[in-house]
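**Student:** Submitted below is the structure of interest, expressed as structure tokens.
The values are calculated or read from the model by the stated rules, or taken from the named source; none is laboratory data. Just so you know, these numbers come straight off a predicted model, no measurement behind them. Every residue, glycine among them, receives a Cβ derived from its backbone with ideal geometry; neighbour counts consider all protein chains shown.
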Amino acid sequence: MTVRLRPHHLLCILTYVGRGYSPAFTDNMNAIIGRLTDGETIEITGGPDDICAPLLKGPEPHCHRDSVTTRDRAAAHDTSVLLALTIEPGTRLTLDGTRIRNLRRAFATSRIRSACGGCEWNDLCGSVSASGFAGADL
């Protein structure tokens, strides 16, 4: 199987520590992190993805907002440069230990965090990063 992720979720998974918007969201994210840990391939999407699924059932899900699309563009650019791989809809990749370490190192130094401005989780992600990703599930 393949995990469908929008570009900015490549950043979110780096600092996920079991907290989310709702119990359904957290359960879903735990399952996705488990799949990624098991080596499933990621396919980049151009909109709502497997992580967004529980949020799409509510009224006016933020997954469709312009700010989220802007966040995706910034994350796609930053991660493309870092990984030397074009991150766009249809791109497939796996996250091995080396890629995760490189992404985390770049995240910790803010090299790939231009997408994080204005995100409600920015402070939490910053503290997880500052702790050396202690407690991160991936």
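**Student:** So R71 clears everything in (1) under 13 Å from the mean Cα position of the chain (by Cα); (2) assigned to a loop (DSSP other than H, G, I, E, B); (3) not hydrophobic (A, V, I, L, M, F, W, C) except one condition, right? Which one?
**Tutor:** The one condition R71 does not meet is (2).
**Student:** Among (1) touching a helix residue (DSSP H, G or I) at 6+ places or on another chain (Cβ under 8 Å); (2) touching a residue at least 40 places away in the same chain (Cβ under 8 Å); (3) not in a helix (DSSP H, G or I), where does G39 come up short?
**Tutor:** Only one criterion in (1) touching a helix residue (DSSP H, G or I) at 6+ places or on another chain (Cβ under 8 Å); (2) touching a residue at least 40 places away in the same chain (Cβ under 8 Å); (3) not in a helix (DSSP H, G or I) is unmet by G39, namely (1).
**Student:** How many residues are part of a helix (DSSP H, G or I), over 13 Å from C12 (Cβ atoms) and in contact with a helix residue (DSSP H, G or I) (Cβ under 9 Å, 6 or more places away or on another chain) if we restrict to segment 106-125?
**Tutor:** Selection size over segment 106-125: 3.
**Student:** Next up: Quick one: which of A115, A76, A106, A136 is among the hydrophobic types (A, V, I, L, M, F, W, C) and free of Cβ contacts under 8 Å to residues at least 60 places away in the same chain?
**Tutor:** A106
**Student:** To continue, here is another question. What's the total number of residues in segment 84-138 that are within 22 Å of M29 (Cβ to Cβ), over 15 Å from the mean Cα position of the chain (by Cα) and among the hydrophobic types (A, V, I, L, M, F, W, C)?
**Tutor:** Adding up the residues that qualify gives 2.
**Student:** Scanning segment 38-57 for residues that are farther than 18 Å from S67 by Cβ and surrounded by fewer than 13 Cβ atoms within 10 Å (Cβ to Cβ), which turns out modelled with the lowest pLDDT?
**Tutor:** K57
**Student:** Condition first: modelled with pLDDT of 95 or more and touching a Lys or Arg at 6+ places or on another chain (Cβ under 8 Å). Can you find one or more residues in segment 87-97 that meet it?
**Tutor:** Yes.
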